[in-house]
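The structure under discussion appears below in the form of structure tokens.
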Amino acid sequence: MSPGKSSPFLAVLVSNPTLAPHEMTMGEALDRAALRHLADAYCHAVDRRDYALLLSLYHEDAIDDHAPYFTGLAADFVAWLPSMMANWGMTMHTISNALYLIDGHKAEGILSTKAYHRTVDGARAFIGYGRYLDRYEKRDGVWKFSHRSLALDYSEFLDVAGAADAGAEGAALGQAGERDPCYGTLPLFKADRLTRAS
């Protein structure tokens, strides 16, 4: 190869992640699906208090930055989380917009989130609106969080005034932990959780 000319093979290998529309390969589509699964599994694990599942979503050396509440190793974050979640009778974390940039075995994500928290007595609700700013790595073929941080865009406290379960008579009410109706209704989800039971 003469000087000043690039190899056609290098052109294939060099990544150029972009948010602009582009032709998506099957590999990229599968990577994006795996990254979105991480986001959805995170919300489920937190809301159902499945801390073993939550820990499995992070690499062992991953960092979680939920400043000002917690910043440190993800394993320490998961160990700390039950004490914080004890303040809330129920939570619901959701993801709406999700953007990913993938560069080989590393990726980044900006995920819009709404996190609803209701106090144990049911009287007040805290709602946070923000964006998860994520870094991911694929190791041994599996994508996991390597660094997760939260940018808070807006938050509010609301008085629930006894309306938290209005119109819910006869409905299967959600529970924070393993007594949630999903485990009684969906046997695959119950069996999956049991694989992590200590």
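A few notes on this one:
- Candidates 122, 109, filtered to the one that is small (Gly, Ala, Ser), surrounded by 15 or more Cβ atoms within 10 Å (Cβ to Cβ) and at pLDDT below 95: 122
- Any hit, region 118-135, residues being free of Cβ contacts under 8 Å to residues at least 12 places away in the same chain and not in a strand (DSSP E or B): no
- Conditions (1) closer than 18 Å to residue 104 by Cβ; (2) without any contact (Cβ under 8 Å) to a residue 24 or more places away in the chain; (3) surrounded by 16 or more Cβ atoms within 10 Å (Cβ to Cβ): number failed by residue 55: (1)
- Residue in region 59-86 that is nearest to residue 195 (Cα to Cα), counting only those that are out of contact with any Leu (no Cβ under 9 Å at 6 or more places or on another chain) and not in a helix (DSSP H, G or I): 59
- When each of 189, 157 is tested for being surrounded by 12 or more Cβ atoms within 10 Å (Cβ to Cβ) and aromatic (Phe, Trp, Tyr), the lone residue that passes is 189.
- Qualifying residue in region 91-100 (condition: touching a strand residue (DSSP E or B) at 6+ places or on another chain (Cβ under 8 Å), in contact (Cβ under 8 Å) with a residue 60 or more places away in the chain, more than 28 Å from residue 31 (Cα to Cα) and surrounded by 14 or more Cβ atoms within 10 Å (Cβ to Cβ)): yes
The values are calculated or read from the model by the stated rules, or taken from the named source; none is laboratory data. Computed from a predicted model, the values in this text were never measured in an experiment. Ideal geometry is used to build each Cβ from the backbone, glycine not excepted, and the neighbour counts take in all protein chains shown.
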